[in-house]
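Working notes for the structure below.
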Amino acid sequence: MLELVEITPPKKVGIIPCNGEELPEGTLTRFACRKVLDQIKPNNTVTICLPLFINNGKEERGFVENFPTITVDGCDKRCGQKITEKLGGKKPEHSIVITDLLKEHGINAPGSARTLVDMDQEAIDLVAGEIAKKVDEIISKPNDGGK
Amino acid sequence: MADKTTVVMPCSGIGKPYGEIGRQSTYTLMEDLCPGKVTTTCLAKLMIGDPDAVELVKNNPVITLDGCAQDCARKNVESIGKKPDRAVRVINTFKHHRDLKPTGILDLGEPGRKLVEILASDLALEIDCPAQKEGAADA
């Protein structure tokens, strides 16, 4: 007799970087998020384009309404978190602020918004690792924290 | 656009390379081609109504650079009541140079970097940059 096994799709978490174009920490949000999306948690994460929120991006708003999110902000203005709360209608599961995280770990911010260099890899790894840790926390929750 | 600082606003897209081409073109204008004549601010700051970002955008000429047809940068600038002086879709630059296909999203590769050069140089001509004038004199 065949044993029926329920196959459930992987839980998904939306990663929302501020992408701040003006600041090196904004660039760091991009690189760290792409590392999570492409290398660390490719099956459990998607990214949300922040400006599409205000542009009536139906997919973006629908995703945030129905799935857990992690915002990654470059500075304490917390633009990503604020926009997610205002337009997504709920708080993100976790909010990471790069300046706080780097300070906590004694790691210098990148020197340029234009490009990151080899010495910035430690900062990228730190932020990506923190995001991945929060993703694990969310997807390990039973019956909530993702579909 | 000669007398004021020009604010170049790239979109924040990180799903495709064209957002990064817009951002890198912005940095090329700011640091290489038009230093002191071009600046930028975070699109997200504009979205939360940050007073400094709103004032900067409202009081200066603005060029928006969008990676896709959603035109998020342009629409977000317009949402504060400012009509961009020029709204550019990066994909149109690629359409004129289809041989230059970026090889990654954030690491654009040599073809992507070439697209950045082309787009930034085109925009610099409109911004009346000293570096462009010097280049023109040498040509």
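General remarks:
- Note on chain A: with charges restricted to the Cβ of Lys and Arg (+1) and Asp and Glu (-1), its dipole about the Cα centre is near 480 debye.
- Seen against the Cα atoms of chain A and their longest principal axis, helix A:24-35 is set at about 30 degrees.
- Prolate/oblate/rounded call for segment B:69-116, Cα gyration tensor, a/c under 1.5 rounded: prolate
- Peptide B:45-51 is shielded by partner chain Cβ atoms: per residue, an average of 5 of them sit within 10 Å of its Cβ.
- Segment B:3-126: relative contact order as a whole-number percent, Cα under 8 Å and 6+ apart: 32
- Per-residue Karplus couplings for segment B:102-119, computed as 6.51 cos²θ - 1.76 cosθ + 1.60 with θ equal to phi - 60°, are listed in order as x, 9, x, 7, 9, 9, 6, x, 4, x, x, 5, 5, 4, 4, 4, 5, 5 Hz, Gly and Pro entered as x.
- Contact order normalised by residue count of segment A:13-138, Cα under 8 Å, 6+ apart, percent: 33
- Exceeding the 25 Å Cα-Cα cut-off - candidates A:K11/B:K16; B:K16/B:K75; A:K77/A:K133; B:K75/B:K114: B:K75/B:K114
- For the protein assembly as shown, dividing the convex hull volume of the Cα atoms by the residue count gives 155 Å³ per residue.
- Computed about its Cα centre, the charge dipole of the protein assembly as shown is approximately 900 debye, with only Lys, Arg, Asp and Glu carrying charge at their Cβ.
- Residue-averaged [θ]222 nm for chain A, counting only DSSP H segments that reach four residues, each worth -39500 (n - 2.57): -13000 deg cm²/dmol
- Cα-based Rg / Dmax (Å) for segment A:13-138: 13.5, 40
- Per residue of peptide B:103-113, the mean number of Cβ atoms on other chains within 10 Å of the residue Cβ is 2.
- For segment B:23-76: rounded, prolate or oblate by the Cα gyration tensor [a/c cutoff 1.5]: oblate
- Within segment B:26-76: Cβ-based charge dipole about Cα centre, in debye rounded to nearest 20 (Lys, Arg +1; Asp, Glu -1): 160
- In this structure, the amide hydrogen of B:L65, modeled 1.01 Å from its nitrogen in the peptide plane, lies closer than 5 angstrom to those of B:M9, B:C11, B:V88, counting only residues at least 5 positions away or on a different chain.
- Shape call, chain B: gyration tensor on alpha carbons, a/c limit 1.5: oblate
- Cross-link pairs beyond the 26 Å C-alpha cut-off, checked among A:K58/B:K101; B:K37/B:K82; A:K35/B:K45: A:K58/B:K101
- Interface area, A with B, accessible, probe 1.4 Å, both sides summed, Å² nearest 100: 2500
- Counting only residues at least eight positions apart within a chain, or on another chain, the aspartates and glutamates with an alpha carbon under 16 Å from that of A:K103 are A:E25, A:D73, A:D76, A:D120, A:E122, A:D125, A:E130.
The values are calculated or read from the model by the stated rules, or taken from the named source; none is laboratory data. No experiment lies behind these values; they were computed from the predicted model shown. Cβ atoms come from the backbone with ideal geometry, glycine included; neighbour counts cover every protein chain shown. Surface areas here come from the heavy atoms of the whole protein model, side chains and all, with no ligands, DNA or RNA. Shrake-Rupley method; radii C 1.70, N 1.55, O 1.52, S 1.80 Å.
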